[in-house]
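Peer 1: Provided herewith is a single structure, encoded as structure tokens, for subsequent inquiry.
None of the figures in this text is laboratory data; all of them are computed from the coordinates on show. Predicted model only: the values in this text are computed from it and were never measured. As a convention, Cβ positions derive from the backbone with ideal geometry for all residues, glycine included, and neighbour counts pool all protein chains shown.
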Amino acid sequence: MKKQVIIFQLNDEPVEIYVDPAESLLTVLRDRLGLYGTKAGCSKGECGACTVLLDDRAVNSCLVPVGKVQGCKVETIENLSRGGKVHPIQEEFVDKGAVQCGFCTPGMVLSAYALLKENPQPARDQIKMAISGNLCRCSGYKQIEEAILSAAKKLARQGNSIT
Amino acid sequence: MADLKTVGTSVPRKDAIEKVTGSAEFIEDRYMGPMLYAKMKKSTVAHGKIKNIDTTRALKHPGVKAVLTGKEYPNRIGLYLIDRTFLAVDKVRFWGEPVAVVAAVTEKAAAEAVDLIEVEYEELPGVFDPREGMKPDAPIIHEDLANYEIVPIFYPEKGTNIANHFKVRKGDIDKGFAEADKIIERDYYVPQMQHVPIETHKAAVQWSLDGKLTVWSTAQSPNVVRQLLAKSLDMPMHKIRVISSYIGGGFGCKAGASIEGLLVPIAQKFPGHIVRIVFNREEDMQGTFTRQALYSKLKTGVKKDGRITALQYEMVWDGGAYTEYGVNIVRAAGYSSTGAYDIPNVKTDSYCVYTNNSIGGPVRGFGMCEMQWGIERQLEEIARELGMDPLEVRLINGMKKGSTTASGQVIHDLDYDKCLKVVADKIGWGKKEESRDGKYRGKGIAGLVKCPAQPSNAASSAMIRINEDGTAHVMIGATEMGQGMLTAISQIASEALHIPVDKIDIKVPDTDFTPYEWQSVGSRITYTCGTSVKRAAEDALGQIYRVAADLLETPQEDLSFDGKKVFSAKNPDLTATIREVADSCKKCTGEGIAGPIIGRGSFVPTNMTNLDPETGQGNPGLFYCFGATGVEVEVDPETGVVKILQLACSIDAGKAVNPQLCTAQLHGGTIMGLSTALYEEVRFDKGIMLNRNFTDYKIATIDNTPHMDSFIVETPETNGPYGARGIGEQPMIGVAPAIANAVSDALGVDFNTFPLTPERVWQAIKNKK
């Protein structure tokens, strides 16, 4: 397709790029904008490693043509630890041992982040639903579930639900 | 070992912060410089002669820099049996085998050019079932098998498709069967599966004009990549540098060397450029190692009291198109062929057979999941035939201190009984739950054992640099693919060196800078690399004491090191900081003593031997790790769906260096095993892999992951670092048979294969009626 100027909010900053609107948001983030925290696991929407937030909802960035983010808000893993501090969800992933090879981790953390934005006190079933699109071959998921549950409690204690 | 400070504690992972923030660097996450992107042209037939490859149109395609075929690059490669070329030469042996590679300025241009390459094949009859492949009239897949270079512990049969025939002859098999009151005999089948790490295979290669080759790879072993490339390309090792990043999961598929060498001739044409290849998911599933299918016949003789007197095991493995690595899986399954049981009379024949299916190779468990499926299913059948409790049959025959394996190796450090009992207790063994709402309940148990399948000279080494402020750098050649090696190894270093673990830095390897490590495979790193690191730490500590004794002019025996300073227990005034020790000048005269402290440590097994070619007797095991899995299921007869109600697993870790990481391996391995037990099977149609994406090849998601309980048993490994042994693969081994045993208990029907999909279970219920 003919290249276009696409303007969107990326990690709270305006971004303007001249690009084929059919190119995937995933390759734009990685190959054009240097945000390597977003991972490519299948490029077909099957594994969730490339999860980002698009207007606060978790999406597979490999399935989003970048033309669709015109005027939207995109958040990647790099946004969670801005200001030099890891996010409570990330702290709990570390603390609960929810990290192994780390390739699915950014997508997992962002799916959890999207969930807790919408539902600060999710039940276990809701956690499972929220990350059922994120595949992990290492962990057996148990520690990931615990980390998200624990992050929800921690955020509630701190009184700072994600906005 | 009651006074351990760091080993045995759950310190946070060294790599956790990098990984949760997305800053951990994987191969594809670095800007490398002027790039060329490579794509492969793949075979469209499973077995055929290459009549012609026309690359004219591809070469003219805009952006294309080079096209390479096997004729121009016929170099061979292989770990144990050198039967592979990077690109097919003259003939193709599996569907999807690379026949040409294109390099272009963009990945898109390379992919477009691949479609412009025209290949003409003359199709040959194929072999898709290894049992057919063993027959005298089967089409021969490797005509040159007899001339291939091979490590002389494997036994190919000239003029056949048999790449290795491994034999065990222990005791007197005829006498064993004669003594038996009952003989049970059955066939089993385990299909192919795929590892599917979330990160696919990737490699990048750069050639510089001074003849230096730099390789970035997702390989589990940078040193083996270097070794195999040096041989294949006839290059000296100091001219090859292999760099590892974090690896996004391995599970065996990234062991050995795979795609790195494919790119070298292109890199040599464009010095300074970096030629990179990234497998997409389909290429990763179809073109890399697949777990070999196993067709087996198992016959067991047993006394009325449950004691097994004889075991005869014939295993026919689908080695796929190339078996450079697979021959050793076949060997390992052979020498371990009694599973976790002490059986006096054994006859095993394990055959590795070429077929025109995808390449067989290592997967977590290295043959043990497949081989012990038969053992653990047959024990169930034995128990039923004798009217005995399956747990009791396992306890009677299970290995104990002083037991011998199939290869006659004596086992010392184990508590298999405890592994079994702890999971049995957890799932309420012996208490039969009644069926509810028309659904049937059942319980099953399975044991497991595995030793690292490594050559007896597989070595490790380590260096430790002590900084002026008492912090340290540990340098090793093992790779971090999620197992937590960086953390566990740092803990071992910390324990031996007295320097706190948070003051120790450790990185992934780079063969130009880090010392030799054979491979990060076989659940061996905690033991092998851990031992070399412990020795390096002890060496460094010894130097610290020697220099400090000289510096402080006091006997070494009086000195202690607290990680920062060396001090005398007798005279508190006698103290030297690590910096003073490192600078090591006598205060009074200014004369030098030593210099910066560098510890070194090496390890090679001393308890392993080659095996007798006729009897398979000898010591192939560095250490043996035992465990067990227990399951309670509920089966819906209307749908055939198996629901896991309880799942428990135990592993005898010797000493859990980091209990949290150890538990993570237990969970992850068990769920990987559950996924293979219920969902996973690679389907082929005349060699064409049908399910090669996550939509068609389902793995467990969080939705179908049940609660599980895990137990770490600690029977110290005498020669392991702080008593530790490796546990990474083991948790997977017992899961499929435990689930099948539970489903059999629930329904009263047997399964000789898995996955236990709803269709298969439903069909079995229907057939029973």
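Peer 1: Take the alpha-carbon positions of segment A:88-158, form their convex hull, and give its projected area averaged over all directions (one quarter of the hull surface) in nm². It would help to have the intermediate numbers written out before the result.
Peer 2: Working: hull surface 16.0 nm².
Orientation-averaged projected area of the Cα hull: 4.0 nm².
Peer 1: On to the next question. When a footprinting reagent is the concern and you count Cβ atoms within 10 Å, what order do A:Val109, B:Val89, B:Val508, B:Val205 take, fewest first? Before the final figure, lay out each step's value.
Peer 2: Values: A:Val109 33, B:Val89 17, B:Val508 21, B:Val205 28.
With the sparsest Cβ surroundings first, the list reads B:Val89, B:Val508, B:Val205, A:Val109.
Peer 1: Continuing with the same structure: Compute the semi-axes of the equivalent ellipsoid of chain B, taking the square root of 5 times each eigenvalue of the Cα gyration tensor, and list them largest first in whole Å. Intermediate results must be reported in sequence, preceding the final value.
Peer 2: Details: eigenvalues 354, 282, 109 Å².
Value: 42, 38, 23 Å, ordered largest first.
Peer 1: Defining a contact as two alpha carbons under 8 Å apart and six or more residues distant in sequence, what relative contact order in percent does chain B show? Provide the component values of the computation, followed by the final result.
Peer 2: On the way: 2013 pairs, mean separation 117.2, N = 769.
Contact order relative to length: 15 percent.
Peer 1: Let me understand segment B:715-769 better: what is its radius of gyration from the alpha carbons, and its Dmax, in angstrom?
Peer 2: Rg and Dmax of segment B:715-769, Cα atoms, are 17.7, 56 Å.
Peer 1: Can you work out ³J(HN,Hα) from phi for every residue in segment A:7-14, in order, using Karplus 6.51 cos²θ - 1.76 cosθ + 1.60 and θ = phi - 60°, giving whole Hz and x for Gly and Pro?
Peer 2: Using θ = phi - 60°, the values come out as 10, 8, 8, 10, 6, 6, 10, x Hz.
Peer 1: Would you mind giving the average projected area, over all directions, of the Cα convex hull of segment B:529-577 in nm² with one decimal? Write out the running numbers ahead of the final one.
Peer 2: Working: hull surface 13.4 nm².
Orientation-averaged projected area of the Cα hull: 3.3 nm².
Peer 1: For B:Val99, which sequence-distant residues (separation of 5 or more, or a different chain) have an amide H within less than 5 Å of its own amide H, given hydrogens modelled in the peptide plane?
Peer 2: B:Lys41, B:Lys42, B:Ser43, B:Ala88
Peer 1: Could you work out [θ]222 nm for the protein assembly as shown from helices alone, using -39500 (n - 2.57) per DSSP H run of at least four and dividing by all its residues? Round to the nearest 500 deg cm²/dmol.
Peer 2: -8000 deg cm²/dmol
Peer 1: What whole-number value in cubic angstrom gives the convex hull volume per residue for the C-alpha atoms of segment B:120-229? Numbers along the way, then the final one.
Peer 2: Values: hull volume 29.1 nm³, N = 110.
Per residue, the Cα convex hull of segment B:120-229 comes to 265 Å³.
Peer 1: Could you give the Stokes-Einstein D for chain A in µm² per second, using the C-alpha Kirkwood radius, 20 °C, 1.002 mPa s?
Peer 2: On the way: Rh = 16.0 Å.
For the chosen part, D equals 134 µm²/s.
Peer 1: Please compute the Cα-Cα pair-distance distribution of segment A:4-78 with 5 Å bins starting at 0, giving whole percents from short to long.
Peer 2: Each 5 Å bin holds this share of Cα pairs: 3, 19, 32, 30, 13, 3.
Peer 1: Please report how far the C-alpha centroid of segment B:628-700 lies from that of segment B:263-278, rounded to the nearest whole angstrom.
Peer 2: A separation of 39 Å, based on Cα centres.
Peer 1: What three numbers, in Å, describe the spread of the alpha carbons of the protein assembly as shown along their principal axes, ordered from the longest?
Peer 2: 82, 81, 63
Peer 1: Would you calculate the convex hull of the Cα atoms in segment B:385-461 and tell me its volume per residue in Å³?
Peer 2: Working: hull volume 13.7 nm³, N = 77.
It comes to 177 Å³ per residue, whole-number rounded.
Peer 1: Ok, one more. Starting from the amide H of A:Gln4, placed 1.01 Å from N in the peptide plane, find each other amide H under 5 Å away whose residue is 5 or more places distant or on another chain.
Peer 2: A:Val19, A:Asp20
Peer 1: Can you tell me, using C-alpha contacts under 8 Å and at least 6 residues apart, the relative contact order of segment A:88-158 as a whole percent?
Peer 2: 51 percent
Peer 1: Sticking with this structure for a sec: If I take the Cα coordinates of segment B:561-671 and project them onto the principal axes, what are the three extents in Å, biggest first?
Peer 2: 89, 45, 24
Peer 1: Compute the relative contact order of segment B:635-769 as a whole-number percentage, counting only Cα pairs closer than 8 Å that sit 6 or more residues apart in sequence.
Peer 2: Numbers: 195 pairs, mean separation 57.2, N = 135.
Reported as a whole number, the value is 42 percent.
Peer 1: Using R₀ = 41 Å, calculate the FRET efficiency as 1/(1 + (r/R₀)^6) where r is the Cβ-Cβ separation of B:Leu645 and B:Asp305; round to 0.05. Before the final figure, lay out each step's value.
Peer 2: Numbers: r = 32 Å, r/R0 = 0.79.
Efficiency computed from Cβ-Cβ geometry: 0.80.
Peer 1: Taking all pairs of distinct Cα atoms, average 1/r, flip it, and tell me the Kirkwood hydrodynamic radius of segment B:397-548 in Å to one decimal place. Kindly include the intermediate steps, with their values, before the conclusion.
Peer 2: On the way: mean 1/r = 0.0529 Å⁻¹.
Answer for segment B:397-548: a Kirkwood hydrodynamic radius of 18.9 Å.
Peer 1: Another question, then. Please identify the trypsin sites (Lys or Arg not before Pro) of segment A:55-163 that satisfy two criteria: DSSP loop assignment and at most 10 other Cβ atoms within 10 Å. Which are they? Each step should come with its number before you reach the end.
Peer 2: Numbers: sites: A:Arg57, A:Lys68, A:Lys73, A:Arg82, A:Lys85, A:Lys96, A:Lys117, A:Arg124, A:Lys128, A:Arg137, A:Lys142, A:Lys153, A:Lys154, A:Arg157; in loops: A:Lys85, A:Lys96, A:Arg137.
Sites meeting the loop and neighbour criteria: A:Lys85.
Peer 1: Across peptide B:693-700, what mean number of C-beta atoms from other chains lies inside 10 Å of a residue's C-beta?
Peer 2: Working: counts 4, 8, 4, 1, 1, 2, 4, 5.
The shielding value for this peptide is 4.
Peer 1: Taking amide hydrogens as modeled 1.01 Å from N in the peptide plane, which residues meet the under 5 Å criterion relative to B:Met193, leaving out close sequence neighbours?
Peer 2: The list, which skips near neighbours in sequence, is B:Arg291, B:Val682.
Peer 1: Sticking with this one: Which of the pairs B:Lys303/B:Lys401; B:Lys39/B:Lys507; B:Lys5/B:Lys503; B:Lys418/B:Lys450 have their Cα atoms more than 20 Å apart in this structure? Before the final figure, lay out each step's value.
Peer 2: Numbers: B:Lys303/B:Lys401 22 Å; B:Lys39/B:Lys507 31 Å; B:Lys5/B:Lys503 14 Å; B:Lys418/B:Lys450 17 Å.
The answer is B:Lys303/B:Lys401; B:Lys39/B:Lys507.
Peer 1: I'd like the antiparallel share, as a percent to the nearest 5, of DSSP beta bridges with both residues in chain B. Kindly include the intermediate steps, with their values, before the conclusion.
Peer 2: On the way: 103 of 133 bridges.
Of those bridges, close to 75 percent are antiparallel.
Peer 1: Once you treat every alpha carbon in segment B:463-546 as an equal point and sum by Debye, what is log10 I(q)/I(0) at q = 0.14 Å⁻¹?
Peer 2: -0.42
Peer 1: Based on the alpha-carbon set only, what is the convex hull volume of segment B:1-44 divided per residue, in Å³?
Peer 2: Working: hull volume 8.9 nm³, N = 44.
Each residue corresponds to 202 Å³ of Cα convex hull volume.
Peer 1: DSSP beta bridges in segment A:4-78, what fraction antiparallel, as a percent rounded to 5?
Peer 2: The antiparallel fraction comes to roughly 90 percent.
Peer 1: Further, regarding this structure: GluC sites (Glu not before Pro), restricted to segment B:101-185: which are DSSP loop and have at most 10 other Cβ atoms within 10 Å? List each step's numbers first, then the result.
Peer 2: Working: sites: B:Glu107, B:Glu112, B:Glu118, B:Glu120, B:Glu122, B:Glu123, B:Glu132, B:Glu143, B:Glu149, B:Glu157, B:Glu179, B:Glu185; in loops: B:Glu143, B:Glu149, B:Glu157.
Qualifying residues, ordered by number: B:Glu143.
Peer 1: What whole number of Å gives the distance from the Cα centroid of segment B:589-613 to the Cα centroid of segment B:331-403?
Peer 2: A separation of 38 Å, based on Cα centres.
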